[in-house]
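First the structure, in the form of structure tokens, and then the observations on it.
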Amino acid sequence: MIAHTGLVFGRWMRASYRQPALIAFTLVQPAIWLLLFGQLFQGVVRLPGFGDSSYIAFLTPGIVMMTALMTSGWSGTSFVQDMERGVMDRMLASPVSRGGLMAGQLLSNATTTLIQTILVFAIGIAAGARYDGGIFGYLVTIVASMLVGTAFGSLSNAVALLTRQQEALIGISQFVSLPLTFMSSIMIDPTVAPHWVNVAARFNPVDWATIAARQSLAAAPDWSSVSRHCLYLLAFTLIVGWLSTRAFRTYQRSV
Amino acid sequence: MATYAVEAVDLVKTYPAGRKNPPLRALDGLTVSVGEGVVLGLLGPNGAGKSTTVKILTTLSRADSGSALVAGYDVNRSPDRVRRSIGYVPQKSSSDPMATGLENLVLSGRIFGLSRQESLQRARELLDRFGLTEHGDRPVKTYSGGMQRKLDVALGLVHRPKVLFLDEPTTGLDPEARADLWNEVVRLSGQEGLTVLLTTHYLEEADRLAGQLAIVDHGRIVAEGTPEALKASLRGDSVHVELVDPDTDGTVRALLGQLPGIGEIVVEGNTLRARVDRGATAVPAVLGALEDKAIPVVAVTVSRPSLDDVYLQHTGRSFRVAEEAA
């Protein structure tokens with residue numbers, strides 16, 4: 001499985017660097033979000049609950065997670081293209097490991113997330129965000145964003161295998177990712193959000209990642225909260241990863 | 001005892017009903033076997049069950065019931081061993097358009113466990129064999145349809161399979177590319193003991209490529225044998241009458257039925273086909289009878305039995321009509 005994961009990963013990485021326009025788009029988009037939302041919601045720091053932090057410093061880890069979520073929603077489109085051609089069928093009639101077929105693609109998706117995360121931080125810091133958490137805080141944020149990317153990438157791949165349609169996949173992914181973005185602390189501190197949003201956020205994996213990132217970047221992180229939320233996130237990623245690999249069977253039943 | 005590379009017995013496959021479609025019984029007790037080194041053509045109209053058969057034999061899909069051995073392995077019990085022994089060229093192009101021809105072949109070799117070096121060597125060998133060497137470093141999306149199809153076949157051969165499945169290898173190709181691919185498949189057969197199972201809905205292709213034929217209709221095999229034997233099993237010649245007006249009331253059918261040495265009359269719209277003992281004597285008799293009743297005729301042709309006649313005899317409809325119905 002590991003060898004096959006590497007081979008499949010290589011295939012997708014090669015395909016992405018041959019699409020420079022797509023690379024540019026995946027990098028420009030989070031930059032725009034960060035600067036746009038940063039300007040738009042500048043005033044919220046004057047609300048109680050934000051303390052004396054700058055909004056851009058608050059927002060940057062949130063935009064990291066939002067970017068990981070939004071980009072990964074598209075992950076399954078590559079599977080749909082493979083199914084529209086005969087690539088998926090040829091692969092599934094070969095001894096390729098199903099886990100490797102899934103993991104290789106997700107790893108290339110996580111690599112995109114990694115690059116985006118670094119870029120969002122670079123812009124955030126250039127715009128004035130400062131963090132006291134040090135290198136470990138950045139590492140936690142990077143790992144958390146890659147887990148978000150992998151979890152929602154596997155969901156997207158699973159939806160692709162079940163629906164086999166580009167339109168259905170994009171529709172479902174938009175339908176899911178917007179509420180996940182807004183029912184979280186990505187843009188606004190939970191203390192100023194309505195109670196029901198906080199309740200919903202408690203079950204939102206994107207919010208777990210955002211909390212873990214913000215805490216680990218803080219001057220005095222609450223490590224128990226960081227590790228608890230990272231653990232939830234890891235468990236969620238493993239479960240949906242396993243489920244999405246099972247979706248190959250469902251696809252094979254329908255061909 | 002003859003050894004078979006493929007032995008499928010009583011395959012049944014029903015696709016469940018969708019929102020718009022009723023449940024579809026794609027295979028209805030299909031039994032077929034292919035001897036080692038043989039090129040078997042599964043011939044039938046669209047929707048006859050050819051692709052479903054191939055999907056089951058390549059482990060992509062599972063039959064509801066029935067059993068199948070491919071290269072000696074059970075498709076249900078040892079799918080992984082089957083997968084290692086076969087090459088599968090799906091109906092749709094199966095190469096990655098973003099990768100080059102060489103990269104496609106190398107990746108496939110490595111998935112089958114060849115080392116980087118072996119894969120590269122084998123990939124170059126196949127590019128050369130299919131006349132693609134000079135295009136090997138170009139992304140597949142820049143290839144013509146014929147070149148993509150050749151690469152598809154090459155992808156199926158990377159790991160030197162025992163059995164190669166070609167699902168509609170030339171559908172959608174222009175006549176020149178089709179003839180080109182036919183030459184490749186002819187060259188393949190008989191090499192390294194390779195067994196080939198190909199599906200086609202082109203009678204000409206089946207006649208040209210297959211050493212053995214199995215005619216599929218409604219999910220079952222209705223006739224089997226070499227193309228020659230199948231044609232020889234038909235007695236006499238085939239007469240084809242094209243009328244000006246369709247024979248809606250059956251007058252022409254009744255009229256010709258009275259003539260001696262003529263049988264198996266089938267009418268489809270303006271055309272009427274019949275089987276006769278001797279073409280040379282039947283044509284004047286047919287023309288005479290039609291002229292007596294002043295029935296206008298466009299053309300009468302006589303021919304040696306073709307696969308179309310074989311098809312007609314076993315399914316009760318001509319291949320063209322079956323295709324249109326599908």
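The values are calculated or read from the model by the stated rules, or taken from the named source; none is laboratory data. Just so we're clear, the structure is a prediction, and the values are computed from it rather than from any experiment. Neighbour counts run over all protein chains shown; Cβ positions are idealised from the backbone, glycine included. Each accessible area value is taken on the protein alone, full model and side chains, heavy atoms only, with ligands, DNA and RNA left out. Shrake-Rupley method; radii C 1.70, N 1.55, O 1.52, S 1.80 Å.
Things worth noting here:
- Atom-type composition of the exposed protein surface of the range B:282-326 places 55 percent of the accessible area on carbon and sulfur (1.4 angstrom probe).
- In plain terms, if you count all Cα to Cα distances in the range B:49-182 and split them into 5 Å steps from zero, the share in each step is 2, 11, 19, 21, 19, 14, 9, 4, 1, 0 percent.
- Taking every DSSP helix (H) stretch of at least 4 residues in chain A, weighting each as -39,500 (n - 2.57) and dividing the sum by the residue count yields a mean residue ellipticity at 222 nm of -26500 deg cm²/dmol.
- Taken as Cα centroids, the range A:148-219 and the range B:93-143 sit 40 Å apart, rounded to the nearest whole angstrom.
- As a size descriptor, the averaged projected area of the C-alpha convex hull of the protein assembly as shown was calculated at 33.5 nm².
- Percent RCO, i.e. relative contact order, over the range A:46-132, from Cα pairs under 8 Å lying at least 6 residues apart: 61
- The range A:143-201, Cα convex hull volume normalised per residue, Å³: 91
- Mean Cβ count within 10 Å, highest first, over the residues of peptides B:255-263, A:205-213: A:205-213, B:255-263
- Value of relative contact order over the range B:235-304, rounded to a whole percent, pairs C-alpha under 8 Å and six or more apart: 48
- Nearest 10 degrees, 0 to 90: helix A:20-40 Cα axis against chain A principal axis: 30
- Among the lysines of the protein assembly as shown, pairs at least eight places apart or on separate chains and with Cα atoms under 25 Å apart come to 18.
- Nearest-0.05 FRET efficiency for B:I295 and B:R160, computed from C-beta distance (R0 60 Å): 0.50
- For the protein assembly as shown, the solvent-accessible area works out to 45 Å² per residue, with a probe of 1.4 Å and every protein chain left in place.
- Only DSSP H runs of four or more residues enter the estimate; each adds -39500 (n - 2.57), and after division by the residues of chain B the mean residue ellipticity at 222 nm equals -10500 deg cm²/dmol.
- Mean-position separation - Cα centroids, the range B:3-31 and the range B:214-265, in angstrom: 28
- The range B:32-120: relative contact order in percent, alpha carbon pairs under 8 Å with at least 6 residues between: 14
- Whole-percent carbon and sulfur share, accessible surface of the range B:19-151, 1.4 Å: 46
- Legend: mean number of C-beta atoms from other chains within 10 angstrom of residue C-beta atoms, peptide B:106-112, equals 5.
- Calculated P(r) of the range A:81-191 - Cα pairs past 23 Å, %: 44
- Every pair of different Cα atoms in chain A enters the Kirkwood calculation, which places the hydrodynamic radius at 18.8 Å.
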